[in-house]
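S.K.: Structure in structure tokens, see below.
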Amino acid sequence: MDEPEHTDVVVLGMGPGGEYAAGALAEAGLHVTGVEDRLVGGECPYFGCIPSKMMIRAGNLIAETRRVPGMAGTSTVTPDWAPVAQRIREEATDYWNDKVAADRFTGKGGHLVRGRGTITGPGEVTVGARVFRAGTGIVINSGTEPVIPSIPGLAGTPYWTNRDIVAAEQVPESMIVIGGGAVGAEFAQVFARFGTAVTVVEAQPRLLSAEEPEASELIERIFSREGITVCTDAPAERVSHNGQHFTVHLGMSAHVATHLLIATGRRSDLAALGVAAVGLDASAPVIPTDGWMRAADGVWAIGDVTGHGAFTHMSMYQADIVVRDILGRVGLGQVGEPADYRAVPRVTFTDPEIGSVGLTSAQAVSAGLRVRTAVAQVPYSARGWIHKAGNDGFIKVVEDADRSVLVGATSVGPYGGEVLGALQMAVRADIPVGTLRNMPYAYPTFYRAIEDALRALGGSS
């Protein structure tokens, strides 16, 4: 084992939040060691957000072209995956080369170490034969790995995860997706629009089970309309592969396809990370933190491992808090405000987009609130009526009736994720429902449907 190398901060995992925190601390003058065993930048730019949204953009263009008849003339479209695959390789991932991101970090004065890091003691991280001693502390941003369910017959087969599907150079003839959450739903729709025969298998009673029931009902109806087979309340009992086709057995039925995508969530391996060495529970699913992302003395955690949502925007939000806290400790800045998770947004980029913020109606009831809800249908709004083809969607608002403020909302429709911005601000700032009602909403816009939902709430706010 080499002699310990001294540094101020070790950032363990250089995903979006880790890269940001490491770079910001290095720019502030600290000696920062960033440890990464995959690609600097993490899952999002190479296997997640960016390439998948390029796929979605392409699929949506195909869908929009098919909506021309009856609206603007006639149209034909011939899907071609080649430019999509090329764009992912050349524009998004640099052929899965992280030189640009690595140079960005080292250009700020950071020190990049390639390899798997393990916490081996307070303020100590070991990477291979190298030991790093952090005088200020360790920032954990280790992310998550795809969950592979223990379905009999699955192990050893050439199934895909999100990391495989974004690298696809050809569209599969047919595909079964096990998992009907955001990732499974997005990929299912994209490939169906490019001609793949898609079946989605979900063990829960509905797709997108984390969302409002109205969102699940709508997306299932749209999937059926687009030729996607949906099997809900259907846990996969067994998988087989004969060299050419997968067969997924669901009780009394079985589905066959050339490809199988596993999209059943993600998890962290805290034991492999060595968190027990700093007094943390290695068997826990996540690392608990305080408002400043402190997990233990001299240890901060950000991103997926904290359990506040596996979103790039969450990792970046928490990273900013950590940077402020560390710089405040060493006398180079102000600590500032702690984390506030009342209005965390999320968007499922299906068509229509499904944006959500705060509590669902069921969560609000479980929290003991006196709840009022209302739903406004996008097709009945002026802009939705004008839009016509592809105008599926709704706005749902969840009110704490005792305080007369919104505690949650869902925005589904064209640009649903963008419309969500106004609802997020309302939830985050505790803006009275009366104030939201008594303001003009630009006409004719999609976000004007928020006004319709607020009016439908009832009560005197």
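S.K.: Report yes if residue 34 is open to solvent by 20 Å² or more (accessible area, probe 1.4 Å) and not in a helix (DSSP H, G or I), otherwise no. So that I can check it myself, show each step before the final result.
M.R.: Working: open to solvent by 20 Å² or more (accessible area, probe 1.4 Å): no; not in a helix (DSSP H, G or I): yes.
Here the answer is no, as residue 34 does not meet what is asked.
S.K.: I would also like to ask the following. Run residue 238 past the list (1) open to solvent by 60 Å² or more (accessible area, probe 1.4 Å); (2) within 20 Å of residue 171 (Cβ to Cβ) and report the number of the one that doesn't hold.
M.R.: Going through (1) open to solvent by 60 Å² or more (accessible area, probe 1.4 Å); (2) within 20 Å of residue 171 (Cβ to Cβ) one by one, residue 238 breaks only (2).
S.K.: Scanning segment 95-110 for residues that are not hydrophobic (A, V, I, L, M, F, W, C) and not in a helix (DSSP H, G or I), which turns out surrounded by the most Cβ atoms within 10 Å (Cβ to Cβ)?
M.R.: Just the residues of segment 95-110 that are not hydrophobic (A, V, I, L, M, F, W, C), to begin with: 95, 97-99, 103-104, 106-110.
Subset that is not in a helix (DSSP H, G or I): 95, 97-98, 108-110.
Numbers: 95: 9, 97: 12, 98: 22, 108: 16, 109: 16, 110: 25.
If we take residues in segment 95-110 being not hydrophobic (A, V, I, L, M, F, W, C) and not in a helix (DSSP H, G or I), then 110 is surrounded by the most Cβ atoms within 10 Å (Cβ to Cβ).
S.K.: Can you tell me which residues in segment 70-82 are open to solvent by less than 70 Å² (accessible area, probe 1.4 Å) and either free of Cβ contacts under 8 Å to residues at least 24 places away in the same chain or in a helix (DSSP H, G or I) (or both)?
M.R.: Answer for segment 70-82, where residues must be open to solvent by less than 70 Å² (accessible area, probe 1.4 Å) and either free of Cβ contacts under 8 Å to residues at least 24 places away in the same chain or in a helix (DSSP H, G or I) (or both): 73, 75, 77, 82.
S.K.: Under the condition of being open to solvent by 30 Å² or more (accessible area, probe 1.4 Å) and more than 18 Å from the chain's Cα centre (by Cα), which residue from segment 403-423 is farthest from residue 213 (Cα to Cα)? Explain how you work it out, then say what you get.
M.R.: Here is the first cut: in segment 403-423, the residues open to solvent by 30 Å² or more (accessible area, probe 1.4 Å) are 403, 415, 418, 421-422.
If we keep only those that are more than 18 Å from the chain's Cα centre (by Cα) too, we end up with 403, 422.
On the way: 403: 25, 422: 22 Å.
Going through the qualifying residues, I end up with 403.
S.K.: With respect to residue 428, determine if the residue is open to solvent by 20 Å² or more (accessible area, probe 1.4 Å), within 21 Å of residue 351 (Cβ to Cβ), in contact (Cβ under 8 Å) with a residue 60 or more places away in the chain and of a type in the set (Lys, Arg).
M.R.: no
S.K.: Under the condition of being in contact with a helix residue (DSSP H, G or I) (Cβ under 7 Å, 6 or more places away or on another chain) and free of Cβ contacts under 8 Å to residues at least 60 places away in the same chain, which residue from segment 386-398 is surrounded by the fewest Cβ atoms within 10 Å (Cβ to Cβ)?
M.R.: By that ranking, first place goes to 391.
S.K.: Going through segment 152-194 one residue at a time, which ones are open to solvent by less than 20 Å² (accessible area, probe 1.4 Å) and part of a loop (DSSP other than H, G, I, E, B)?
M.R.: Those that are open to solvent by less than 20 Å² (accessible area, probe 1.4 Å) and part of a loop (DSSP other than H, G, I, E, B): 154, 161, 166, 168, 172, 179, 180.
S.K.: So, one more: Would you say residue 8 is open to solvent by 20 Å² or more (accessible area, probe 1.4 Å) and touching a helix residue (DSSP H, G or I) at 6+ places or on another chain (Cβ under 8 Å)?
M.R.: yes
S.K.: While we're here: Please work out which residue is least open to solvent (accessible area, probe 1.4 Å), limiting yourself to segment 292-321 and to residues that are in contact with a Lys or Arg (Cβ under 7 Å, 6 or more places away or on another chain) and hydrophobic (A, V, I, L, M, F, W, C).
M.R.: Looking at residues that are in contact with a Lys or Arg (Cβ under 7 Å, 6 or more places away or on another chain) and hydrophobic (A, V, I, L, M, F, W, C), I get 300.
S.K.: Looking only at residues in segment 47-69 that are in a helix (DSSP H, G or I), touching a residue at least 60 places away in the same chain (Cβ under 8 Å) and closer than 26 Å to residue 107 by Cβ, which one is least open to solvent (accessible area, probe 1.4 Å)?
M.R.: Step one: filter segment 47-69 for residues in a helix (DSSP H, G or I), giving 47, 49-66.
Imposing the further condition that a residue be touching a residue at least 60 places away in the same chain (Cβ under 8 Å) reduces the set to 47, 49, 51-53, 55-56, 58-60, 62-64.
Now drop any that are not closer than 26 Å to residue 107 by Cβ, which leaves 47, 49, 51.
Details: 47: 36, 49: 46, 51: 0 Å².
Going through the qualifying residues, I end up with 51.
S.K.: Residues 289, 264: which one is within 21 Å of the chain's Cα centre (by Cα), surrounded by 17 or more Cβ atoms within 10 Å (Cβ to Cβ) and farther than 18 Å from residue 17 by Cα?
M.R.: Only one candidate passes the filter, namely 264.
S.K.: If you don't mind, there's one more thing I want to ask. What residue, among those in segment 431-461 that are open to solvent by 20 Å² or more (accessible area, probe 1.4 Å), of a type in the set (Gly, Ala, Ser) and more than 22 Å from residue 217 (Cβ to Cβ), is modelled with the lowest pLDDT?
M.R.: Once the filter is applied, the top-ranked residue is 461.
S.K.: Suppose we filter 127, 131, 147, 139 for residues that are crowded, with 19+ Cβ neighbours inside 10 Å, under 27 Å from residue 11 (Cα atoms), touching a residue at least 12 places away in the same chain (Cβ under 8 Å) and out of contact with any helix residue (DSSP H, G or I) (no Cβ under 7 Å at 6 or more places or on another chain); which single one remains?
M.R.: Values: 131 fails: crowded, with 19+ Cβ neighbours inside 10 Å; 147 fails: crowded, with 19+ Cβ neighbours inside 10 Å; 139 fails: out of contact with any helix residue (DSSP H, G or I) (no Cβ under 7 Å at 6 or more places or on another chain).
It is 127.
S.K.: For segment 252-319, which strands (runs of 3 or more DSSP E) that fit wholly inside it have 1 or more residues that are within 30 Å of residue 230 (Cβ to Cβ) and in contact (Cβ under 8 Å) with a residue 60 or more places away in the chain? I'd like the intermediate steps shown before the answer.
M.R.: Values: elements: 253-257, 259-262, 294-296, 299-301.
The qualifying strands (runs of 3 or more DSSP E) are 253-257, 259-262.
S.K.: Checking residue 207 against (1) in a loop (DSSP other than H, G, I, E, B); (2) out of contact with any Ser or Thr (no Cβ under 6 Å at 6 or more places or on another chain), only one condition comes out false. Which one?
M.R.: (2)
Yes/no matrix, rows are residues, columns are (1) out of contact with any Gly (no Cβ under 6 Å at 6 or more places or on another chain); (2) within 21 Å of residue 189 (Cα to Cα); (3) of a type in the set (Phe, Trp, Tyr):
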site	(1), (2), (3)
26	no, no, no
35	no, no, no
61	yes, yes, no
73	yes, no, no
87	yes, yes, no
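S.K.: Has segment 237-251 got at least one residue that is among the acidic types (Asp, Glu) and free of Cβ contacts under 8 Å to residues at least 40 places away in the same chain? Break it down into steps so the answer makes sense when it comes.
M.R.: The initial filter retains those residues of segment 237-251 that are among the acidic types (Asp, Glu), namely 237.
Right, trim to free of Cβ contacts under 8 Å to residues at least 40 places away in the same chain and you get none.
Checked segment 237-251: no residue is among the acidic types (Asp, Glu) and free of Cβ contacts under 8 Å to residues at least 40 places away in the same chain.
S.K.: Could you count how many residues in segment 195-204 are among the hydroxyl-bearing types (Ser, Thr, Tyr) and either open to solvent by 50 Å² or more (accessible area, probe 1.4 Å) or not in a loop (DSSP other than H, G, I, E, B) (or both)?
M.R.: Taking segment 195-204 and keeping what is among the hydroxyl-bearing types (Ser, Thr, Tyr), we get 196, 199.
Next, only the ones that are either open to solvent by 50 Å² or more (accessible area, probe 1.4 Å) or not in a loop (DSSP other than H, G, I, E, B) (or both) stay: 199.
Result for segment 195-204: 1.
The values are calculated or read from the model by the stated rules, or taken from the named source; none is laboratory data. All of these numbers come straight from a predicted model, not from anything done at the bench. Note that each Cβ is placed from the backbone with ideal geometry, even for glycine, and that neighbours are counted across all protein chains shown. Only protein heavy atoms, including side chains, enter the accessible area calculation; ligands, DNA and RNA are left aside. Shrake-Rupley method; radii C 1.70, N 1.55, O 1.52, S 1.80 Å.
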